[in-house]
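The structure appears right after this line, and notes come after that.
Every read-out reported here was derived from the displayed coordinates using simple, explicitly stated rules and does not represent laboratory data. The structure presented is a predicted model; accordingly, all values stated were derived computationally and were not measured. Neighbour counts are summed over all protein chains in view; Cβ atoms, including those assigned to glycine, are modelled from backbone coordinates with ideal geometry.
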Amino acid sequence: MVVRAVVLRSESRFGNRSYRFIGGSPRIITGKLDSERLPSKLAPPVKLPDMKRLPSGVRLLIFITALYVFLLSITLLGDGFKGLGSPFVRTLLSFTANPLSALFIGILATTIVQSSSCTTSLVVGLVASGTIGITNAIPIIMGANIGTTVTNTIVSFAHVTRRQEFGRAFPAAVVHDIFNILSVAVLLPLETFFHPIAWVSGLLAKVFAGVGGFTFASPLKFATEPVADSLAGFVQHKPVLMLLIAIILLYIALRFIVGMMRSLVSRRLGLVIDKYLFGNATKAFLIGLAFTALVQSSSVTISIAVPMAGAGLLTLRQVFPYSLGANIGTTVTAILAALVTGSVGAIQIAFAHLVFNITGSLIWYPLKVVPLGIATWWGEFCARRRIWAFIYAVVVFIAIPLAMIILIKRR
């Protein structure tokens, strides 16, 4: 006679007891459950290999590769959106009727093309041709500052399946949105009635008009554009396919970046990051400014900080001054490029962008408890109800601007 016995254990329904089923009849036995006697079907799931077991050099190589793929995905994301929306954006910008409509046009246009630099360049051309005046061009620049932050929010969505990571990454992404929205709330009414930004930027444009400038190629573009162009050619420059590839690469790259960060981070490296890079607000600000001036993209600069926050390497308080530096750094290359043209209108637009960002920083950094508090509260809320993060992105960057543009135009 063959007797088959299966040992089971249940803590949730039957307490901490073990059962032996012999011939279909259960009998309670005492003692701890021997995991080695479990059948294979009841064994705990096999975990993925621990990245910490890989040699440090291999982990570092994987991290650098993942970082490159991440930057490539950001480039593809921008190229895809530009392919979809550039003709529409040129038409949209020409519809500017007043400062309020100009603000929402700037938000929507920059959300579509994923680049405040692209929007600024189009605005310079429209000002030079006389299509729009400087009083309406400045609110477009303000809107562009808000619209460009959608990239950071999209990057944070790659963490959405891991609640704790998302609870750290999402506030780090939206604190930039909140800062720019608060700055616009204060400075747009002032600019509409008193024109301080137009006056200061006009003065600076006259002073620096004959100085001359220079341009330099972004190392980021040098590194990613050949691969991005090859992929665009492979999909026959179809924007939808480019966006799909970009989102897939973004998700994969962030998974590896966060995983490698966790495996590479030691107490010593954490101290180096905290002490020498983000040890105080000044260091974080200067790093954000310098890195953005180098890569010529505030979206890339802040997007890199999002997975670092998700991995627990950076706090929201450290990301905030870093994002302020990135906000100002993105205007440096635009000013240098504008100075090359010698066009007073182009130079004034570039300086208006700089004056707006500096003024916003001077207002809200001393009052940082406001943007930090809002970002923390909203991040915690969206970490519990993650669908609201997607609703936020659609409503703030698309629905509200589009509705306001239509409403104002009908009036």
Self-check item: Under Karplus coefficients 6.51, -1.76 and 1.60, residue-wise ³J(HN,Hα) of the range 360-366 in Hz, glycine/proline x
Solution: x, 5, 5, 7, 9, 5, x
Quiz item: Using the 10 angstrom Cβ neighbour count as an exposure proxy, how do Glu165, Glu380, Glu225 rank, fewest first?
Solution: Glu380, Glu225, Glu165
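Efficiency by 1/(1 + (r/R0)^6): what FRET value for Val58 and Lys238, r their Cβ-Cβ distance, R0 = 30 Å, to the nearest 0.05?
On the way: r = 36 Å, r/R0 = 1.20.
Given R0 = 30 Å and the Cβ-Cβ separation, E is 0.25.
Going by how many other beta carbons lie within 10 Å of each one, how would you line up Arg384, Arg410, fewest first?
Details: Arg384 10, Arg410 6.
Lowest to highest Cβ neighbour count: Arg410, Arg384.
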Quiz item: Out of residues 5 or more away from Leu314 or on other chains, whose amide H comes under 5 Å of its own, with H placed 1.01 Å from N in the peptide plane?
Solution: Ala309
